[in-house]
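Following: one structure in structure tokens, then a few remarks.
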Amino acid sequence: MKDRGVSRIEGIDVTPEMLDRARDRGIYESLAVGDIVSTGLEADRYDLLIASLVDEHLRDLQPLYGEVYRLLQPGGWFVIVGYHPHFLMKGIPTHFHRATGEAVAVEAHVHLLSDHFKGGSDAGLTLREFHEGVIDEAWAAAKPRWAKYKNEPVSFAMVWGRS
Ligand SMILES: C[S@@+](CC[C@H](N)C(=O)[O-])C[C@H]1O[C@@H](n2cnc3c(N)ncnc32)[C@H](O)[C@@H]1O
């Protein structure tokens, strides 16, 4: 990313093991254990924030969007990528597999996409882009067990701006 003008990348996660995996990428200047809704990072400093596959683990979205607004410098951007609430509402939470093969679900909360719109707008951000992804051929090829959900919405991405 540095060859595309990115000068410094920082990361935060509440789980040290996930930060270890991020460290293996070799792209982060700093990686800190912390809560995404209360980072303790400096206000008005960041020109781009990205939250990936975390919102469903938060009980409430308002603190997330409030913290994003606090951290962004005016003119900054926030990209949020998430697991579509459609699958949570079908009773299929995000989960991982232990080395033994056992599937372990992580506590998850349903946030409607309109909850995101309200959360970001109430925090003072402006929604600039909004996309939803469905299970398509590429998904089914990568994860054959999901082929039976073809055409169902599995992901969303929003781009927010702070004026
Ligand atoms: C599905 S993983 C996604 C990891 C990574 N962001 C990615 O996109 O590959 C969900 C992550 O959210 C983290 N998480 C859950 N609640 C959090 C919170 N309040 N603050 C920071 N991280 C949190 C978990 O520790 C876990 O690493």
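The values are calculated or read from the model by the stated rules, or taken from the named source; none is laboratory data. The structure displayed is predicted, hence computed values, not measured ones. A quick note on method: Cβ atoms are made from the backbone with ideal geometry, for glycine too, and the neighbour counts reach across all protein chains shown.
Observations
- Look at the range 50-75: where a residue is within 13 Å of the ligand (Cβ to nearest atom) and a partner is part of a helix (DSSP H, G or I) and of a type in the set (Val, Ile, Thr), sitting 6+ places away or on another chain with Cβ atoms under 8 Å, you get ALA51/VAL68.
- Complete set of residues in the range 117-131 that are away from the ligand (no atom under 16 Å from the Cβ) and either among the small types (Gly, Ala, Ser) or within 17 Å of THR94 (Cβ to Cβ) (or both): GLY120, SER121, ALA123, GLY124
- Scanning the range 9-44 for residues that are acidic (Asp, Glu) and near the ligand (Cβ under 10 Å from one of its atoms), we see that the one that is surrounded by the fewest Cβ atoms within 10 Å (Cβ to Cβ) is GLU17.
- Any hit, the range 49-68, residues being exposed (fewer than 12 other Cβ atoms within 10 Å of the Cβ), more than 23 Å from VAL14 (Cα to Cα) and not aliphatic (A, V, I, L, M): no
- Any hit, the range 103-113, residues being at pLDDT below 95, of a type outside the set (A, V, I, L, M) and part of a strand (DSSP E or B): no
Yes/no per residue for (1) surrounded by fewer than 12 Cβ atoms within 10 Å (Cβ to Cβ); (2) assigned to a strand (DSSP E or B); (3) in contact with a helix residue (DSSP H, G or I) (Cβ under 7 Å, 6 or more places away or on another chain):
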| residue | (1), (2), (3) |
| --- | --- |
| ASP115 | no, no, no |
| GLY120 | no, no, yes |
| GLU129 | yes, yes, no |
| ALA138 | yes, no, no |
| ARG145 | yes, no, no |
| LYS148 | yes, no, no |
| VAL154 | no, yes, yes |
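- Near pairs, Cβ below 7 angstrom, 6+ apart or cross-chain, from the range 142-163 (closer than 20 Å to ALA51 by Cβ and at pLDDT 95 or above) to any residue that is among the aromatic types (Phe, Trp, Tyr) and exposed (fewer than 15 other Cβ atoms within 10 Å of the Cβ): MET158/PHE130
- Candidate set: the range 78-95, residues that are surrounded by fewer than 18 Cβ atoms within 10 Å (Cβ to Cβ) and assigned to a strand (DSSP E or B); chosen: the one nearest to the chain's Cα centre (by Cα): VAL81
- The range 76-111, subset away from the ligand (no atom under 15 Å from the Cβ) and touching a Pro at 6+ places or on another chain (Cβ under 6 Å), residue farthest from GLU56 (Cα to Cα): HIS86
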